[in-house]
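Read through the structure below, which is laid out as structure tokens, and then see the notes.
The values are calculated or read from the model by the stated rules, or taken from the named source; none is laboratory data. As the structure is a computational prediction, the values presented were derived from the model and not from experiment. Counting neighbours? That spans all protein chains shown, and the Cβs are built from the backbone with ideal geometry, glycine included. The area values use the complete protein model at the heavy-atom level, side chains included, leaving out ligands, DNA and RNA. Shrake-Rupley method; radii C 1.70, N 1.55, O 1.52, S 1.80 Å.
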Amino acid sequence: MTAPTAPFLAAASLSGRADAEWARAASDHVDCAVMGGIALDPVSRDAARELVARGRSEFLPSDPVAWIDRQLRATADAPVVSGVNVRSATVEPVHEAAAACADHDAICEINAHCRQPELRAVGCGETLLADRDRLAAHVAAAADTGATTSVKVRAEVPGVDLAAVARAVAAAGADWLHVDAMDSEAVVAELARTAPAGLTVVANNGVRGRDTVAAYAAHGADAVSIGRPSTDPRARSRVAEAVAAWRDGRLTA
């Protein structure tokens with residue numbers, strides 16, 4: 001199944017909850033479901049164990065790439081484009097995970113988003129935003145497999161120029177920039193205006209219904225995603241109806 005055509009609705013990964021069962025449940029309304037996140041290399045997995053020890057939910061299978069393969073196989077017959085959000089401090093496991101995604105015509109999403117201190121301490125998540133060369137290497141490793149490659153980022157990280165990040169990841173082969181706007185929704189407008197041609201801007205944060213979809217559409221986003229509301233069929237339905245109106249030219253702010 002190929003990547004959805006903009007505008008579309010994605011279900012964003014939820015730590016320890018976004019697996020094949022979740023993706024299949026969301027497929028009644030969303031066009032794309034990004035499972036994970038999943039920690040790939042030893043240091044990111046150790047950090048994930050520390051998160052579990054303090055009460056967070058994390059996926060910690062013995063073999064992360066085999067887990068990716070199982071989840072993608074389990075969604076193969078679902079009416080949704082699947083993807084997997086991956087976290088790694090090193091490049092090599094990203095290539096292996098992306099190859100598994102490519103085998104299933106799925107999206108590989110590089111996590112440059114997580115702000116948990118355990119993950120930042122080992123060089124994962126949002127620390128990649130301040131090291132564009134290292135982030136670009138992760139993106140290139142994924143894109144080299146032929147997988148549609150997304151990069152999940154967040155706004156409001158001190159010292160980070162997201163427009164420069166967008167240019168760097170696009171040059172490395174990224175197809176999507178998945179933006180958690182935090183409380184700075186206007187950043188989506190800047191990114192939509194300055195992002196290189198061909199880079200799909202997916203807006204995330206606060207998407208709950210027609211008003212927020214219309215606002216992000218007005219900012220120039222190509223698509224929107226829902227995180228926590230992805231588990232609520234009523235919220236999924238509201239947002240899906242708004243995206244359908246956007247697609248048909250019926251959406252007004």
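Calculate the all-directions average of the projected area of the chain's alpha-carbon convex hull, and give it in nm².
11.8
Taking amide H positions as modeled 1.01 Å from N, with prolines and chain starts lacking one, the residues under 5 Å from A18 and 5 or more places away or on another chain are G36. Over all other residues within a Cβ to Cβ distance under 12 Å of W176, the charged ones net out to -2, with Lys and Arg as +1 and Asp and Glu as -1.
Amide hydrogen proximity for W176: with H placed 1.01 Å from N in the peptide plane, the residues at 5 or more positions away or on another chain lying under 5 Å are T149, S150, V151, T200. Normalised Debye scattering of the stretch 135-207 at q = 0.21, 0.25 Å⁻¹ gives log10 I(q)/I(0) of -0.84, -1.13, counting only Cα atoms as equal scatterers and leaving out solvent.
By the Cβ-Cβ criterion of under 4.7 Å, the unpaired cysteines of the chain are C32, C114, C124. In order along the stretch 156-163, the Karplus-derived 3J(HN,Hα) couplings, from 6.51 cos²θ - 1.76 cosθ + 1.60 at θ = phi - 60°, round to 6, 8, x, x, 9, 9, 5, 5 Hz, and Gly and Pro are given as x. Skipping prolines and chain starts, which residues have an amide H placed within reach, meaning under 5 Å, of the one on V81, given they are 5 or more residues away or on another chain? Long-range HN contacts for V81: C32, A33.
Please give the per residue accessible area of the chain, computed with a probe of 1.4 Å over protein heavy atoms only, in Å². Walk me through the numbers before you get to the answer.
Numbers: 10150 Å² over 253 residues.
Using a 1.4 Å probe on heavy atoms only, each residue of the chain averages 40 Å².
Rg of the Cα atoms in the stretch 122-253, relative to 2.2 N^0.38 Å, amounts to 1.07.
Working note: Karplus 6.51/-1.76/1.60 with θ = phi - 60° gives the stretch 221-231 the couplings 4, 8, 6, 10, 9, 10, x, 4, x, 5, 8 Hz, where Gly and Pro are set to x. Keeping the other protein chains in place, figure out the carbon and sulfur percent of the accessible area of the stretch 46-149, with a 1.4 Å probe. Percent of accessible area from carbon and sulfur atoms in the stretch 46-149: 46. Each 5 Å bin from 0 upward holds the following percent of the Cα-Cα pairs of the stretch 177-236: 4, 21, 31, 23, 13, 6, 2, 0. Across all C-alpha atoms in the stretch 1-115, the radius of gyration and Dmax reach 13.4, 40 Å. Along the stretch 29-43 the Karplus relation, 6.51 cos²θ - 1.76 cosθ + 1.60 evaluated at θ = phi - 60°, assigns HN-Hα couplings of 10, 9, 8, 8, 10, 9, 7, x, x, 10, 7, 9, 9, x, 6 Hz to successive residues, with x for each Gly and Pro. For the listed peptides 240-247, 150-157, a ranking on the average number of other beta carbons within 10 Å per residue, highest first, reads 150-157, 240-247.
Summary of packing: across the peptides 37-46, 18-27, 114-123, 192-201, the per-residue average of other C-beta atoms within 10 Å ranks them, highest first, as 37-46, 18-27, 114-123, 192-201. Comparing R54, R70, R208 in a Gaussian network model of the chain (Cα springs below 10 Å), the most mobile by mean-square fluctuation is R54.
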